[in-house]
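Below: the structure, in structure tokens.
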Amino acid sequence: MDINTDKQYNISSSKFKMLSSTSGVGSVVTTKWGGFIMPLSINEWAFIKSLTDSINNPAHSQYTNIQHQEETGAEIVDDERFVRFLQSKKGFINLRCFAAIPHVGLSGSNYIDYKNHPLYKEQELKNRDLHASMFYVPAIDFPKWFISSKSELKPIKEWFDIWKHEEFTSNGKKCKHNDGRDEYFAPPRDPHAPTFRKFKAQLNDQTIYRPLTPVPLVLICENGHISDIDWYKFFCAYLDGKFNEMKDDNGFDLFGYPCDNHCEGKRNHALKWIQNRNQSESWGTLKCDHCQKSVSLAGIMNIKVFCRGEKPWEPVPGLNWVPTHEQCTNGHERSIMRVAMVTSNSIYYASSQSSLYVPLSWITQGSVTLQGDAIECLDEINRKYTRKLRNNPQLTKEDYIQGLGDIVQYAEDEGYEINENEAVAIKNEFLGISNEVDVVKTYRLDEFKVFVDNDNTPEDDPKFKFNDINLHEFKRPNLMNKFLKIKQVSTLAVTSTQLGFGRVKMPSPKLVNGQVVYNNEQIRPIYSGNINDVKVLPANQIYGEGLFFAFDSQAINQWSKQHGLEAYYKAKLESGSMGEFLESEMEMYGRAKFYLLHTFSHIIMKELEFSCGYPTASICERLYYSDEMCGVLIYTADGAEGSMGGLVWQGQPQLIEGIILSALQRATDCSADPLCWENSDGLNKAACFSCAMVSETSCEQSNMGLDRRALVDPEFGYFKDFV
């Protein structure tokens, strides 16, 4: 499909992809015309801005979320429990709600078909006309260096200047490319590559030009920054004999290179990117079209240059091609960037959070620290602290809470009634002090307890319905004893949001002094500015169905101790490896327990694929694993195959027993055996894609911590008696 104007400069992308592990703010998205774009910070998303403005409007201070939704036309995702978790545990103290990413398609002319969207029609009935910007995510071109059909290499700004100002004669008329109009430059057009096709628009130059080709290499750093290679400075530095210095591990100041060696001493070089047709693995050469000097791009992947903290997803206002900068250091040293292909996985690792929708009233007393007046008092303290920060950005939470004096007396003065224990809890929540080993595991424990402590849904709710299956109907009673509960979950909702992203390596938590620390310094936030100003985060809420399995932790611990499996599953990993945190987590909660739980989850997902026709890519797992819980929720969501009751149907006792037994039997054999069965590398033992690994999008732990032998080994397998 041709992209003829900037109004057609659109990509049809699923709303679920916008918050996926590989796509979101600051990611590099491949386009249908062969280029790449980068979604901007959520501060630039119109539906986020609209909701935020409504929440900040003093006249709307008493509005409910539903009223803000009606006022703005944006769709709000309902998950109060998740909002409170991010407020108290993740530092979003003023977060008010989630905004759903609009799901719209493109018309045959590549325009956003938003006027048929239910939100638009709903507002139209109220005589409100929502702008098209409420239905898309803004983005910029990235990388910003492009190659023409004649191999000319220039940044997009220079190509745009040529488009706007270069004059030529056509049909006896002196004109500019498509009359120099901005909208016809999209996607970035090669002004020197006309086609034989014409626009129907009233233009002096009606020629349709071919798109430019983006450079395939960029620079990334571990602090989340990303930059174009300054190819002009690279060319100059190479001519000056600096290439070996560019490869030095101590770093090279490429962006600050003076470039004093002008072409023939009086003008700039005219660069061309010459492909090497004889060596497909070579990047080719850069050559000046004036002086004919050239440099090889062999070894370009090895250069190491100082990072200048570029954030192209936060461009300078009004200048989309000019990124903002910040200081970037690694300790006391300047950070060093590395070269990556623009399609490399290391370009982007999303840091996401998800939550199973559970009404607050279902959470058992004691799991929720604060209730009633105590919660309202904490909210009031957070609001007042935020207002103080505007006039005094250096004010710390410690100084502010200390200035309030006695919290019980403060609460009474504000009209709240709390006791001393609640006052301590309020102070700890405000300061982020917690005795919890892992706040995310504690949060999931609430979900686990709702499943385990209730035979059926406690009360009617359209987003969450479940029921026990009768394990006594199993034909093999001993199999029943292996489980604490198995449930059919006929309706569920999972809310997912993204808090930030990393590059080079996947951001992962760390174990510090016995507590799990989710290091925010590893990620770049998806918002710009202060976290205290974030009132709205984008989210997707998917509806589906599932099967829940709960194991008896005490029985598993006895099994592990009986066979000495903690020592058997101990692995030695290099510092900084991707599975380092998982290894620490397994050391805290039990290695054998995790291998058993995780591998069982995977073989059930694969069995549903083999026996019931569900692709594993359409099924997800949600692991409940700690010293207090051992279970898994296997679920499918709308938009995926089989979300019409089929998964719940398989949860009937006579069916689920057969699925479990068949999965265990299948786990005894793999086409890669005996190599797979005897494998002992890293965190995976007897596991490969032929037997226990599933799609990366289905697994919560990147296919790590898997071993079929934990289930079916003839000597120590937990289910060895059933195969």
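Here are a few things to note about the model shown:
- Complete set of residues in region 483-534 that are among the β-branched types (Val, Ile, Thr) and modelled with pLDDT of 85 or more: 486, 489, 491, 494, 495, 497, 504, 526, 531, 534
- Residues of region 179-202 that turn out to be within 18 Å of residue 154 (Cβ to Cβ), among the charged types (D, E, K, R) and either open to solvent by 70 Å² or more (accessible area, probe 1.4 Å) or touching a Lys or Arg at 6+ places or on another chain (Cβ under 6 Å) (or both), as a count: 2
- Across region 551-580, the number of residues qualifying as open to solvent by less than 30 Å² (accessible area, probe 1.4 Å), modelled with pLDDT under 90 and either part of a helix (DSSP H, G or I) or more than 21 Å from residue 687 (Cβ to Cβ) (or both) comes to 1.
Let's see how each residue does on (1) under 18 Å from residue 552 (Cα atoms); (2) open to solvent by less than 10 Å² (accessible area, probe 1.4 Å):
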site	(1), (2)
593	yes, yes
598	yes, yes
601	yes, yes
607	no, yes
615	no, no
626	yes, yes
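- Index of the failed condition, residue 498 passing every other in (1) touching a Phe, Trp or Tyr at 6+ places or on another chain (Cβ under 9 Å); (2) assigned to a strand (DSSP E or B); (3) within 30 Å of residue 39 (Cβ to Cβ): (1)
- Test: residue 9 is over 29 Å from residue 106 (Cβ atoms), hydroxyl-bearing (Ser, Thr, Tyr), open to solvent by 30 Å² or more (accessible area, probe 1.4 Å) and over 22 Å from the mean Cα position of the chain (by Cα): no
- Residue 706 being at pLDDT below 90, out of contact with any Phe, Trp or Tyr (no Cβ under 6 Å at 6 or more places or on another chain) and open to solvent by less than 20 Å² (accessible area, probe 1.4 Å): no
- Of residues in region 693-703 being within 11 Å of residue 616 (Cα to Cα) and not β-branched (Val, Ile, Thr), the one surrounded by the fewest Cβ atoms within 10 Å (Cβ to Cβ): 696
- Yes/no for residue 232 being at pLDDT 90 or above, farther than 15 Å from residue 302 by Cα and either aromatic (Phe, Trp, Tyr) or surrounded by fewer than 18 Cβ atoms within 10 Å (Cβ to Cβ) (or both): yes
- Search result, residues across region 33-69 that are among the charged types (D, E, K, R) and either without any contact (Cβ under 8 Å) to a residue 40 or more places away in the chain or touching a Cys at 6+ places or on another chain (Cβ under 8 Å) (or both): 49, 53
- Members of region 57-84 found to be in contact with a Phe, Trp or Tyr (Cβ under 9 Å, 6 or more places away or on another chain), open to solvent by 10 Å² or more (accessible area, probe 1.4 Å) and closer than 22 Å to residue 358 by Cα, listed by number: 75, 76, 77, 78, 81
- Looking only at residues of region 329-342 that are at pLDDT 90 or above and either part of a loop (DSSP other than H, G, I, E, B) or of a type in the set (A, V, I, L, M, F, W, C) (or both), we find that the one that is farthest from residue 231 (Cα to Cα) is 335.
- Taken over region 166-195, the criterion of being charged (D, E, K, R) and either in contact (Cβ under 8 Å) with a residue 40 or more places away in the chain or out of contact with any His (no Cβ under 8 Å at 6 or more places or on another chain) (or both) is satisfied by 167, 173, 174, 179, 181, 182, 183, 190.
So that you can scan it fast, the table gives a plain yes or no per residue for (1) part of a loop (DSSP other than H, G, I, E, B); (2) in contact with a Gly (Cβ under 9 Å, 6 or more places away or on another chain); (3) of a type outside the set (A, V, I, L, M):
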position: 26; (1), (2), (3): yes, yes, yes
position: 32; (1), (2), (3): yes, no, yes
position: 47; (1), (2), (3): no, yes, yes
position: 51; (1), (2), (3): no, no, no
position: 59; (1), (2), (3): no, no, no
position: 85; (1), (2), (3): no, no, yes
position: 88; (1), (2), (3): no, yes, yes
position: 92; (1), (2), (3): yes, no, yes
position: 98; (1), (2), (3): no, no, yes
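- Within region 282-316, tally of residues that are among the charged types (D, E, K, R), part of a loop (DSSP other than H, G, I, E, B) and within 18 Å of residue 144 (Cα to Cα): 1
- Within region 470-480, not a single residue is surrounded by 15 or more Cβ atoms within 10 Å (Cβ to Cβ), at pLDDT 85 or above and under 15 Å from the mean Cα position of the chain (by Cα).
- One residue from 352, 361 being at pLDDT 85 or above and in a strand (DSSP E or B): 352
- Just one of the numbered conditions (1) outside any helix (DSSP H, G or I); (2) at pLDDT 90 or above; (3) farther than 21 Å from residue 323 by Cβ is not true of residue 162: (1).
- Region 100-120 - residue that is part of a strand (DSSP E or B) and open to solvent by 20 Å² or more (accessible area, probe 1.4 Å) and, of those, farthest from residue 379 (Cα to Cα): 106
- Look at region 479-493: where a residue is closer than 19 Å to residue 712 by Cβ and in contact (Cβ under 8 Å) with a residue 40 or more places away in the chain and a partner is among the aliphatic types (A, V, I, L, M) and open to solvent by less than 30 Å² (accessible area, probe 1.4 Å), sitting 6+ places away or on another chain with Cβ atoms under 8 Å, you get 479/660; 483/471; 483/550.
- Taken over region 431-444, the criterion of being surrounded by fewer than 18 Cβ atoms within 10 Å (Cβ to Cβ) and either modelled with pLDDT of 90 or more or part of a loop (DSSP other than H, G, I, E, B) (or both) is satisfied by 432, 433, 434, 435, 436, 437.
- When the residues of region 370-421 are filtered to those that are open to solvent by less than 30 Å² (accessible area, probe 1.4 Å) and among the polar types (S, T, N, Q), the one that is nearest to residue 90 (Cα to Cα) is 382.
- Within region 663-684, being polar (S, T, N, Q) and open to solvent by less than 40 Å² (accessible area, probe 1.4 Å) holds for one residue alone: 684.
- Selected residue (criterion: farthest from residue 495 (Cα to Cα)) from residues of region 1-24 that are outside any loop (DSSP other than H, G, I, E, B) and among the hydrophobic types (A, V, I, L, M, F, W, C): 18
Residue by residue, here is whether (1) among the aromatic types (Phe, Trp, Tyr); (2) in contact with a helix residue (DSSP H, G or I) (Cβ under 8 Å, 6 or more places away or on another chain); (3) open to solvent by less than 30 Å² (accessible area, probe 1.4 Å) holds:
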site: 266; (1), (2), (3): no, no, no
site: 298; (1), (2), (3): no, no, no
site: 303; (1), (2), (3): no, yes, yes
site: 327; (1), (2), (3): no, no, no
site: 333; (1), (2), (3): no, no, no
site: 343; (1), (2), (3): no, no, no
site: 347; (1), (2), (3): no, no, yes
site: 354; (1), (2), (3): no, no, no
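- Only a single criterion out of (1) modelled with pLDDT under 90; (2) surrounded by fewer than 17 Cβ atoms within 10 Å (Cβ to Cβ) is not satisfied by residue 21, namely (2).
The values are calculated or read from the model by the stated rules, or taken from the named source; none is laboratory data. Keep in mind it's a predicted model, so treat the numbers as computed, not measured. Backbone-built Cβ (ideal geometry, glycine too); neighbour counts: all protein chains shown. Side chains are part of the model used for accessible areas, which takes the heavy atoms of the whole protein and leaves out ligands, DNA and RNA. Shrake-Rupley method; radii C 1.70, N 1.55, O 1.52, S 1.80 Å.
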